[in-house]
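Take a look at the structure below.
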Amino acid sequence: MKNTLDRDAKELYALGDELFKHPELGYKEFTNKKILTDYFTSHGIKVTELGFRTAFKATIGSGSPKIGLIAELDAIPTLGHPFADKKDNAAHSCGHSTQCAIMAYALVKLKDVIKNGSVSVYFTPAEEFTDVAFRKQLIKKHEINYIGGKINMLTAGLFDDEDLFIHLHTMGSSGYHFSLNTSLCGFVYKEMIFHGKATHAAVAPDKGINALNAFVLFDNAINMLRETFKEEDYIRIHDIIDEGGQTVNSIPEKVIYECYVRSLNSNALLKTAEKVDNAAKNCAKAIGASVTIKTTPGYLPMHQCRLINDVIKKNMLKYCKLEEIHDDEISMAAGDIGDLSIFKPTVQFGYSGFSGNCHGKDLCISDNVRAYLEPSKVIYDTVLYLLNHPDYVDRIKKEFKPSMDKKEYLAYLD
């Protein structure tokens, strides 16, 4: 069968190329969905609609073990990317299109060889925490409940039947062949609106309250707080200003600010988020302004299942040397795969074959074998091993301990 994976590699590359050239933002991935459903239909595999606009799955086999695979459909706004969508500037600068091609191809090749158990690929929308205003409108219309795609699917119970989950993600141009056991951070998203009082900026500045000055004071406070962050918590605060005033001729009455607060440590994340809120409130108050703070839960830190990664590592070593695998990396990235990992044995491994920067306008596929074929083989071999060793899957399930129950999770989200 490995020869079959090699023989039909052009089919894999063509699928990946088509997806890469049709990027769409979260909950808008209708073209990508059609490309993939048409591909499965051509191979006699039925798909199941999962709601939330674009979510779906493709399944082969039946019974146990039940292996879940995850592939993310969405792109991210990337100005200047050669394949950026003209409407939303969406581009697959995070490589999600390659995940979809890899998982789809692996499933097709597994279809005729599995003898027991089932395999489902879940195609999930909206992993990138972006286009927030659009998604909030979808929430108001009750089309989705949360910003992140997997969080909607998780709270709806769509992942409940699987024994474990395998996911993969490009490393960009990291210099390694593969990575595994990578820790991902969690984050919360904040929107702050600083409120002042507009007056003529030249004639009567003394009668106004400068919202931009309140923000600048707050921004300096954040920089001063950075020395209180412990290195082992891997805390990051990164931000943008959406609106810095209304006209140069008036004292700014409103400033709109967005930020992520990230950390590898959940407790440190919440404490830092509280520090950020206190800084905003007190800096605004110091000059007579006020601030409205809206906090939205982002994603939780990733917890890797090492028993699954032990199998994956053996399969990686068929294509590279041990020193070419980046093991136990601590990454400042985040993803809603972290939320799934608190309930189910879950892994995310990294693969190469790209040049340029993730989320950059220069990200492209530079090596089809590394970016598509080898990861497909790793998935293929790992799934076959797990299906043929149900006792090992039982061990994975037995040793896994959820870090939250659903009630606690829903309380966190609210």
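The values are calculated or read from the model by the stated rules, or taken from the named source; none is laboratory data. Not measured: the values here are computed from a predicted model. Cβ atoms come from the backbone with ideal geometry, glycine included; neighbour counts cover every protein chain shown.
Every residue, every condition in (1) at pLDDT below 95; (2) over 22 Å from the mean Cα position of the chain (by Cα); (3) under 16 Å from His169 (Cα atoms); (4) assigned by TED's automatic domain parsing to the domain that holds Leu158, yes or no:
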site	(1), (2), (3), (4)
Ile76	no, no, yes, yes
Thr98	no, no, yes, yes
Ala101	no, no, yes, yes
Ala104	no, no, yes, yes
Asp112	yes, yes, no, yes
Ser118	no, yes, no, yes
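Residue under question is Ala371, and the condition is that it be surrounded by 15 or more Cβ atoms within 10 Å (Cβ to Cβ) and either of a type in the set (A, V, I, L, M, F, W, C) or modelled with pLDDT under 95 (or both); does it hold?
When the stated conditions are applied, Ala371 passes them.
Since Ile293 meets every condition but one in (1) surrounded by fewer than 17 Cβ atoms within 10 Å (Cβ to Cβ); (2) not in a strand (DSSP E or B), which condition does it not meet?
Among (1) surrounded by fewer than 17 Cβ atoms within 10 Å (Cβ to Cβ); (2) not in a strand (DSSP E or B), the lone unmet condition for Ile293 is (2).
So, in segment 392-407, exactly how many residues are closer than 21 Å to Gly149 by Cβ and part of a helix (DSSP H, G or I)?
The number of residues fulfilling the criteria is 1.
From Ile209, Ile166, Ile193, which residue is in contact (Cβ under 8 Å) with a residue 60 or more places away in the chain and not assigned by TED's automatic domain parsing to the domain that holds Ile293?
Numbers: Ile209 fails: not assigned by TED's automatic domain parsing to the domain that holds Ile293; Ile193 fails: not assigned by TED's automatic domain parsing to the domain that holds Ile293.
Only one candidate qualifies: Ile166.
Could you count how many residues in segment 100-112 are of a type in the set (Gly, Ala, Ser) and either more than 17 Å from Gly350 (Cβ to Cβ) or assigned to a loop (DSSP other than H, G, I, E, B) (or both)?
1
Just name the residue that is surrounded by the most Cβ atoms within 10 Å (Cβ to Cβ) out of those in segment 40-62 that are at pLDDT 95 or above and among the charged types (D, E, K, R).
Out of the qualifying residues, it is Lys57.
Can you name the residue in segment 63-102 that is hydrophobic (A, V, I, L, M, F, W, C) and in contact with a Pro (Cβ under 9 Å, 6 or more places away or on another chain) and is also surrounded by the most Cβ atoms within 10 Å (Cβ to Cβ) among such residues?
Ala75
Could you tell me whether any residue of segment 360-373 is part of a loop (DSSP other than H, G, I, E, B) and within 30 Å of Thr295 (Cα to Cα)?
Yes.
For residues that are farther than 29 Å from Thr199 by Cβ and of a type in the set (A, V, I, L, M, F, W, C), tally how many sit in segment 251-275.
6
Would you check which residues across segment 88-97 are part of a helix (DSSP H, G or I) and out of contact with any Phe, Trp or Tyr (no Cβ under 6 Å at 6 or more places or on another chain) and list them?
Selection gives His96 alone.
Looking at this structure, is Lys313 assigned by TED's automatic domain parsing to the domain that holds Lys230 and surrounded by 14 or more Cβ atoms within 10 Å (Cβ to Cβ)?
Against the criterion (assigned by TED's automatic domain parsing to the domain that holds Lys230 and surrounded by 14 or more Cβ atoms within 10 Å (Cβ to Cβ)), Lys313 does not qualify.
So which residues in segment 352-377 are in contact with a helix residue (DSSP H, G or I) (Cβ under 7 Å, 6 or more places away or on another chain) and closer than 30 Å to Ala156 by Cα?
So in segment 352-377, the residues in contact with a helix residue (DSSP H, G or I) (Cβ under 7 Å, 6 or more places away or on another chain) come out as 352-354, 365, 368, 371-373, 375-377.
Passing the criteria: Pro375, Ser376.
Within segment 148-197, how many residues turn out to be surrounded by fewer than 19 Cβ atoms within 10 Å (Cβ to Cβ), closer than 30 Å to Gly244 by Cβ and touching a Gly at 6+ places or on another chain (Cβ under 7 Å)?
2
Can we say Ala221 is touching a strand residue (DSSP E or B) at 6+ places or on another chain (Cβ under 9 Å) and either at pLDDT 95 or above or crowded, with 22+ Cβ neighbours inside 10 Å (or both)?
The answer is no for Ala221.
From the list Lys46, Lys111, pick out the single residue that is out of contact with any helix residue (DSSP H, G or I) (no Cβ under 9 Å at 6 or more places or on another chain) and over 25 Å from Ile151 (Cβ atoms). Show your work before the answer.
Numbers: Lys46 fails: out of contact with any helix residue (DSSP H, G or I) (no Cβ under 9 Å at 6 or more places or on another chain).
The conditions single out Lys111.
The rows are residues; the columns are (1) in the same structural domain as Glu374 (by TED's automatic domain parsing); (2) surrounded by fewer than 19 Cβ atoms within 10 Å (Cβ to Cβ); (3) outside any loop (DSSP other than H, G, I, E, B).
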| position | (1), (2), (3) |
| --- | --- |
| Tyr13 | yes, yes, yes |
| Leu19 | yes, no, yes |
| Pro23 | yes, no, no |
| Lys28 | yes, no, no |
| Lys33 | yes, no, yes |
| Asp38 | yes, yes, yes |
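It is to be established whether one or more residues within segment 334-352 are touching a Phe, Trp or Tyr at 6+ places or on another chain (Cβ under 6 Å), among the β-branched types (Val, Ile, Thr) and surrounded by 22 or more Cβ atoms within 10 Å (Cβ to Cβ).
Within segment 334-352, one or more residues are touching a Phe, Trp or Tyr at 6+ places or on another chain (Cβ under 6 Å), among the β-branched types (Val, Ile, Thr) and surrounded by 22 or more Cβ atoms within 10 Å (Cβ to Cβ).
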